[in-house]
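The values are calculated or read from the model by the stated rules, or taken from the named source; none is laboratory data. Keep in mind it's a predicted model, so treat the numbers as computed, not measured. Positions of Cβ are generated from backbone atoms using ideal geometry, with glycine treated the same way; all protein chains shown enter the neighbour counts.
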Amino acid sequence: MIQKYKYDDSLPISVIIPHSQNRKYFFEEFVLPSIESNCPAEIIINDNEGLAPKKRMDGFKESTQEFIIYSDNDCVYPQSFLQKYYDCLINNPEISFTYSGYKGIVLNPQTHPMRGNFEIPTIEYDSQRLRQGNYISTMTLIRREAFIDSGGFDLNLKRLQDWDLWLTMSEKGYKGKAVFNNEFFAFYLDEGITSNSNNENEAYMAVARKHKLF
């Protein structure tokens with residue numbers, strides 16, 4: 001089921017969340033309140049069966065706002081998070097998406113490759129550096145028209161769909177911009193993507209071939 005919540009007098013942002021009921025308590029107690037405190041005009045929650053990329057794209061079809069952002073169901077945000085992103089895009093009309101780093105909180109170090117808490121730093125946008133590897137999270141605010149023109153998430157890819165999206169946007173001439181001092185928290189409640197059977201090296205090669213990175 002796709003649930004849609006609308007709020008008046010809010011930022012013109014659709015927050016789209018692929019969800020699963022096994023994270024119901026954490027999501028309702030921590031994630032959703034942190035999103036609501038950021039005052040988006042629209043929150044769309046998709047807990048239908050299927051993989052996250054398809055849930056994201058199906059959720060997008062229900063969205064209506066000028067700006068969109070995808071959130072995982074285990075991320076918690078500071079109160080000014082969306083406002084800083086929104087201000088960045090409003091003040092920089094040549095920029096199509098904006099992002100920041102995040103802090104990873106690993107609740108079960110035995111099952112996560114990082115073996116403990118970690119931090120992904122905020123890195124200023126560089127299209128050439130992006131071709132060497134991804135440094136932009138899925139939790140990025142995007143202008144709606146740029147997302148549509150870039151085709152959204154490629155459902156033929158098994159992993160790294162966000163990296164593929166940023167590369168596609170870059171190739172189409174869309175630019176990103178980092179917002180510093182705006183990190184959010186990503187809580188690793190279980191194995192998540194590390195537990196699936198999709199090999200990361202194979203996923204990397206699929207993106208590399210698509211974008212002719214070598």
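Within the bounds of the stretch 134-147, is there any residue that is surrounded by fewer than 18 Cβ atoms within 10 Å (Cβ to Cβ), assigned to a loop (DSSP other than H, G, I, E, B) and more than 13 Å from the chain's Cα centre (by Cα)?
no
Can you tell me which condition residue 53 does not meet? The list is (1) surrounded by fewer than 20 Cβ atoms within 10 Å (Cβ to Cβ); (2) in contact with a helix residue (DSSP H, G or I) (Cβ under 9 Å, 6 or more places away or on another chain), and all the others hold.
With (1) surrounded by fewer than 20 Cβ atoms within 10 Å (Cβ to Cβ); (2) in contact with a helix residue (DSSP H, G or I) (Cβ under 9 Å, 6 or more places away or on another chain) applied to residue 53, the lone miss is (1).
Residue check, residue 42 against (1) assigned to a strand (DSSP E or B); (2) within 19 Å of residue 137 (Cβ to Cβ), all met but one. Which one?
(2)
Which pairs do you get when a residue that is modelled with pLDDT of 95 or more and charged (D, E, K, R), found in the stretch 71-93, comes within reach of a residue that is surrounded by 21 or more Cβ atoms within 10 Å (Cβ to Cβ) and outside any helix (DSSP H, G or I), reach meaning Cβ atoms under 6 angstrom, with the pair 6+ apart or on two chains?
What qualifies is 84/182.
Looking at (1) at pLDDT below 95; (2) outside any loop (DSSP other than H, G, I, E, B), which is the one condition that is false for residue 14?
Failed condition: (1).
Restricting the stretch 21-78 to residues that are closer than 27 Å to residue 158 by Cα and of a type in the set (Gly, Ala, Ser), which is farthest from the chain's Cα centre (by Cα)?
Checked the stretch 21-78; the qualifying residue farthest from the chain's Cα centre (by Cα) is 50.
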